[in-house]
Structure formats: C-alpha cells, structure tokens
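The values are calculated or read from the model by the stated rules, or taken from the named source; none is laboratory data. Keep in mind it's a predicted model, so treat the numbers as computed, not measured. Here the Cβ is made from the backbone with ideal geometry for all residues, glycine too, and neighbour counts use every protein chain on show. Just so you know, the surface numbers come from the protein's heavy atoms only, side chains and all, with ligands and any DNA or RNA stripped out. Shrake-Rupley method; radii C 1.70, N 1.55, O 1.52, S 1.80 Å.
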Amino acid sequence: MQIRKRDSRRLLITLAAIALFFGTRCLVAQETERPWMNTKLSPEERAELVLKQLTVDEKLSLVHGNGMAHESHWTMPLTHLANGGAGYVEGIDRLGIPPLVISDAGYGVRSSGANGRYSTAMPSNLGAASSWDPESACAFGDVIGGELRAQGFDMTLGGGLNLTREPRNGRTFEYAGEDPLLAGTVVGNMMKCEQAQHVIGDIKHYAVNDQETGRFVVNSIISKRAMQESDLLAFHIALSIGSPGAVMCSYNRINGDFGCENSYTLKDVLRKEWGFKGFVISDWGGTHSTEKASAAGLDQEHPMAEHFGPKLKAAVEAGRVPLSEIDDHARRVLYAEFLSGIVDNPLKMGVVDVERGLEVAQHIEEKSIVLLKNNQAVLPINPSRVHSIAIIGGHADVGMLSGGGSAQVDPPAGNAIMPPGKGATHWQDHVWFPTSPLKALQTKLPNTKINFDSGTDVQQAANLAKNADLAIVFAYQWLSEGMDLPNLSLSDNQDALIEHVAAANPRTIVVLETGTAVTMPWIDKVAGVVEAWYAGSAGHKALANVLVGDVNPSGKLAMTFPKSESDLPRPVIPPLPADAEGQGNDSVNSGTHVSSYAAHYDEGPEVGYKWYEAQHKQPLFPFGFGMSYTFYTYSGLTVDSSAKVARFTVKNGGKRAGTEIAEVYATLPKGSDESFKRLVGWKRVRLTAGESQSVTVPIDPRVLQTFDGSKNAWNFAAGEYEVVVGSSSDNTRLKASLRVQ
Ligand code: BGC
C-alpha cells in the first residue's frame, strides 16, 4: 500500500515535470516562431517584429473599419463580425493578432438592448467629474472595461474630453467639465483603469469639438496659445495619466483643416510634442481625404473604408503615399494592441458582474451629487419632523433620466416611460432608467407619507405640496449628441412648476437631473437644490442616501452655472448658414464640402470660471462649488516654492463626518496678460466631526506655463505666483505665493 502510494506520487511528479517541460518548450517554440509573443519585450519592440511580417495588404487592412452594426447605411462584408458594436478592424490571424472589436462606451457599454445584453450605466461623465476623485474615475473605467470584455469587445470609444466652452453643447454630459487639469485627470484615470481590463482605451474628440451645431462643418477658430493652454492641455494631461492606445479625431475643422486631416493637432502636437505612440481613429464618417489625412496623421478610418480602403491602396501603388506612412499607421495600431494586452489576453465572453457594477455606480454617484442650496438645513430630511413629502414631476415615480446619442446606455427592460410595445431604442430617445427616486425614498423613510404628482398640472402639484411638510420637485434637462440646447432654461414648463410649488410650500427642494448647467429663475424661492446629474443605474439609491443624510454630499461643480446666457462668451450659438444646412445635426458629411460656418473662440483660454473672473461676472454657482451637511475651515497656508507644494490645514467644524474637496488655484506673476486664476491642484480630505488635517497639495507645473504660439514653445515665467486655497473658485480663503526663479 505504502509503496503504491509513493509510486503514484512519483508518477504524478514525473507527469508534472513532463507537462512543464513540454509546456515550456511550447512557449519557447511559440516565442521562437512568434518572437513578438515574448512579453518581456516592450510594446514598441513587439509591434516592430509583427510589422516586419506583414504584407502590404495586411498593413492596409489595419487602417480602416468594416462598417457599424445596427446601421444599414454603414454595412460592409465583415460588419457581421462587429459583435453588435460600432466598429470592426480585421486582425492578422496567422500571426495571432486579434481584430479590434469596438464599442461605444461613454458612461457604459452601448447597444446592449439591441444585442440582448446587460450594461451598467455609470453616472454621466460630468457627474463623475464632480467627485474630483481619481479613484472613482478609475473605478468607473474599471467597471466599463470589464463589461466591454465580458460582452466581447476589446476596444472602447469612451473618454469624452472636450472642455465645456459651450454649456449648451448637447454632449456636455459626456465630458468632464471646463478645467483642463480636472477634466484631464478624471478622463486620464478612467482610461488608465479601463485599458487595464485589456481593452484599447480612447480619448475623444480631438480637438476643440465644443458644440454640436454644425458639427460636421464648423470651423473652430482659436489661437494656438489658447488652444494649447485649454482644450489641448486637457488631452495632454489625460494622455500622460492614462496612456490610452487611441485618440479619436473630431468632425469639426480647427483653424481651417478638419480634425482628421489637421497636421497641426495630429502631427505637430499629438505625435511630435507629446510623443503619442498609439493610433488616431477618425470619428465616424469624419475622414475627408486620403493623402492629406494620411500625411497629417490619421491612422485609421471609421467606420468605412471610403478614403483608407482602395483609394489608399491606389495612392500607395502610385507612390503618392509612401509605404513608410502605411508602416507608421500599422505600427501604431499594433503598438496599442500590445500596450493594452489584447494580444496576450484573447477575448473570452463572460457574464457581466451586475452587482459589482451597481455598487460602483452608486458609490460614484454618492460622491458626484452636488448640494447647491440648503437653507435652514432643510436637508437632510429629518423623519422625526417631516411626516409627509410631496414628490413632484420628473417621472420620479418610475425613474431617472439618462443622456442620449452614441453614449446612451440601455436600461434593463427598456425605457421606464416608454409606452408598452414601443420597439428598439432610437439613439435620440429620451431614455429613463427604471430607478425610481420615489421608491428609493420610500424605502429609506418607511414611516413618512409620500405622495406623487406628475407636475403636468402646476396648480394640482402646488395643492399637493401645500399640504405636505416638504416638497421635492424633480426637474430634468435632456441632452444628446447631435443637438445643442437653445438656452439653459429647464424645458417643459418646469420653471413655472417649481415657482408654483415653492409658492405653495417654502420648504421646497429641487432635485436636478441635468447634463449641463441650468438657469434658475426660482432660486431665491426654494429652500434647497441638489444636482444629481444623469445618475446612472443606481442613482436613485445614491440620491436617497444623500437626501436622508446617510451620505454627506461632497461633490463640487466641474462647470460654472451662469446666471443667464447673456453672461456666456457667445450669448447665442451662431445659427447655421444656408450652405451648411442639413449638416448640422443628424447627418454625416464625409464629402469635401467646406462651409463658411465658424465658431470664433475669442475668449481663448478663458473657459468657464476663468471667463467669469476675467469679465467680472458673478455666476449663479461657481466652478468648484458644492455644500455639505457639515462645514469646513481652512488655515495656515504655506507654499514650498522649490518642491512646488501647498500645505494647509482643513478642519471639519460640524457634527458630521464628511469629505471636503480643498482647491488650490494660482495666478500668473504681475506683468502677465492674464486676469484669472488657474486650478493647479486639489485634495479630497475625509474628516470626522471636529477633526483637523494637514493637507499637502502638489502644484502641477503644467498648468502654470504659458504657450508662445509664435515660437511653439512653453514658458515658465519667473516671478511670484499668487496661490490661493479654498472651497470653490470664488471662495478662496487663504493666500500665499510661489516663487519661480
Ligand atoms: C460620435 C462618436 C462615436 C461614434 C461611433 C459619432 O457620431 O461623435 O463619439 O464614438 O459616432 O458611434
């Protein structure tokens, strides 16, 4: 018996040794036959090794898409391989290089309804940016990356990063606000963690794609200096944090040339100045030429092969496009494949981890909600005093709103307010998630009488409010790609609804579900305002936690809320001229038509809070503003000029634990032509009741420099920079200076 046991153990050990031997030999053999599979080599080296093996046709197959699923006008022979996604690029099967299976994933994976799958909706990107929290941004990307993989995708089209120059922009909710450091940090961290899930990351829409009106033709006119210090800086910061494999060039023109054939933004800046090694993909239908685009630095056309298919091949054969250019495009695609790990981790479909997605979405929303007004501590709701609540409007009985367009995430079981029997979701439907804040509040406040009124009849709503201890109006503003708002007013008579309800009950709170700023003509009449953004798959629970005080709000605005459109750099978005008609919204112009339509960004780098400060205009709510159920005091600022750090103390002076986002701004030395401060750093500080903490915030030198457009160079002006610290861009309580030699 003993002997048999020993023998069998020996046999096992021998078998294991044989398996190991052959396994290693297989690996060695694979690495000898396919040296690019050696993971010890860098992505650059591996890409170079593959490139050497490719035929010209294989290289050319890497530089264009093969159609878009669910779009009959964008169908090609291989579109069926797109897995229901936005794009597909062939792999090189004989060499073990996988195809790119690409999906939109702005705040969650798109088209899950049409594909019979499930995706988590995170809070909108603008909402997540209001957490000012790189860790939340990372969790956001991590969940989306995991869900992309589980659904069979290895490349994302997330990473919206256009600065909020134009708050009426229909895509504002897809972006991360108005400041380059905040937006770049948030989106960079999203992409870092999304790509870590082995999906190629992407940031978009490069560049100055700051309005939707005339998006296929508009010429964004802006000085090099202004562009470098604002919109481009945000991209540079995100790239340096997230190293996404891809950058999507934009539909619009930038100082004359289309974003996808603009040699200044693509070649001079992205590739040469920033050393970007990944590939540039066109926005869908945003390629306008073959030779010009290829030479300018577009690497991959999407979703079709109109300019980078047979036309590019012919141009190569005729010597009009050098083969070295094709090599460069292909090398960049391969580099991103190795960088993101999609070669070493082949796609394997799985089941989306629904529970985890919901948990993360809820936590991010809890950090993103911004408390804008709270008179006489109307919030949090105290059930010992509040026995009845009137909930009004916003379909709060059934759900919460989401943002539309290519970022749209499909809710489980479809649109919560769609009439039964209505079929598939159109990309511009107003989609409500089945996340009822009314039900979530009922769960939190089981002994409180809660009644609902749809708000359609303002008088009826006011009557309900009058007899309740508290009224909560849910107000919304729908946004989508392919449109801009005519103004920042709430739609659908909601201002009148709020006025009526507040007149009937001064203890009225407004909860906003918006994708951008709104004007608030009723602000002095309501007791509280809570900005919940588009709150995602678990937003109702997060919101209820904030309303009852289980979560102390900590979010701060990532964009300024103006008092009125007349305070904006452009009080009205210039209307489209006749020659651009039909190309402004829902149609793609892939031709060469050049319209005279332009957006003149004369405010230059004065985006958002910088504009209001420079123009001495008081906003409704400033950038960086957000309240809490406790209060914080600041003291003892010192600045270490050589280490470039600010040190100060933050104290929680109230009776609840909370998190304060402490903000650090700097103004350029005297003699500069700037009359605004720049955000240079911040810290989220978690404090128990009464606790003090000493805080150190590094001052990011990238945002202190100025760009000299004539010399194409950055300057770090010598002198004294005023450094101020506080709770928002217009409440900076401490002052010190930073000396640069
Ligand atoms: C949008 C992109 C999107 C692409 C694919 C375009 O219309 O501008 O953001 O990724 O479509 O759906």
Expected vector for the range 376-386, Karplus 3J(HN,Hα) from phi with 6.51, -1.76, 1.60 and θ = phi - 60°, integer Hz, x for Gly and Pro, equals 6, 6, 5, 10, x, 5, 9, x, 6, 10, 9
At q = 0.10, 0.22 Å⁻¹, the log10 of I(q)/I(0) for the range 161-283 from a Debye sum over equal Cα scatterers comes to -0.26, -1.35
For the chain, the charge dipole (Cβ of Lys, Arg +1; Cβ of Asp, Glu -1; about the Cα centre) points to a positive end, and the Cα of 191, 638, 347 closest to that extreme belongs to 638
Taking Cα pairs closer than 8 Å and at least 6 residues apart, the relative contact order of the chain in percent is 14 percent
Heavy-atom accessible area of residue 185, protein chains in place, probe 1.4 angstrom, given in Å² to nearest 10, is 20 Å²
Here the membrane-span-like helices of the chain, with no claim about any membrane, defined by DSSP H, Cα axial extent at least 27 Å and mean Kyte-Doolittle at least -1.0, are 2-33
Once all protein chains are kept in place, residue 665 shows an accessible area at probe 1.4 Å, nearest 10 Å², of 0 Å²
Residues whose built amide H sits under 5 Å from the amide H of residue 391, excluding neighbours closer than 5 in sequence, are 451, 452, 453, 472
In the chain the DSSP beta bridges are antiparallel at a rate, in percent to nearest 5, of 60 percent
Using the Cα gyration tensor of the range 614-719, the equivalent ellipsoid's semi-axes, largest first and to the nearest Å, work out to 31, 17, 10
Using eta = 0.890 mPa s and T = 25 °C, Stokes-Einstein with Kirkwood Rh from Cα pairs puts D for the range 273-403, in µm² s⁻¹, at 119 µm²/s
Using the Cα gyration tensor of the range 434-509, the equivalent ellipsoid's semi-axes, largest first and to the nearest Å, work out to 25, 18, 9
Here the gain from full extension of residue 467 to residue 52, 0.36 nm per residue of separation minus their alpha-carbon distance, amounts to 141.7 nm
So residue 80 and residue 418, fully extended at 0.36 nm per residue minus their Cα-Cα distance, gain in nm 118.8 nm
In the chain, taking the dipole from +1 charges on Lys and Arg beta carbons and -1 charges on Asp and Glu beta carbons about the Cα centre, the listed residue (736, 314, 605) farthest towards the positive end is 736
Stokes-Einstein, Kirkwood over Cα pairs, the range 674-741, 10 °C, 1.306 mPa s; D in µm²/s equals 111 µm²/s
Row for the range 217-291, column shape: gyration tensor on C-alpha, a ≥ b ≥ c, rounded if a/c < 1.5 i.e. under 1.5, prolate if a/b over b/c, else oblate; value oblate
Within the range 30-137, DSSP-loop trypsin sites (Lys or Arg not before Pro) with at most 11 other C-beta atoms within 10 Å are 40
Taking only the alpha-carbon positions of the range 288-355 as identical scatterers, the Debye log10 I(q)/I(0) at q = 0.16, 0.20, 0.29 Å⁻¹ comes out as -0.64, -0.83, -1.25
Checked the range 212-345 with the C-alpha gyration tensor, a ≥ b ≥ c its square-rooted eigenvalues, rounded below a/c of 1.5, otherwise prolate if a/b is larger than b/c and oblate if not; verdict oblate
Only helices counted: for the chain, with every DSSP H run of 4 or more residues adding -39500 (n - 2.57) and the sum spread over all residues, [θ] at 222 nm is -8000 deg cm²/dmol
Checking the range 291-374 for trypsin sites (Lys or Arg not before Pro) in a loop per DSSP with at most 11 other beta-carbon atoms within 10 Å yields 348
Rounded to whole Å², per residue accessible area for the chain with a 1.4 Å probe reads 37 Å²
Convex hull around the C-alpha positions of the range 37-193: the volume in Å³ per residue is 152 Å³
XL table 563/655; 449/655; 610/651; 59/224; 52/313; Cα-Cα > 24 Å flagged, in table order, is 563/655; 449/655; 610/651; 59/224
Expressed as a percent, the accessible surface of the chain that is carbon or sulfur, using a 1.4 Å probe and the full set of protein chains, is 53 percent
A convex hull over the alpha carbons of the chain yields, per residue, a volume in Å³ of 204 Å³
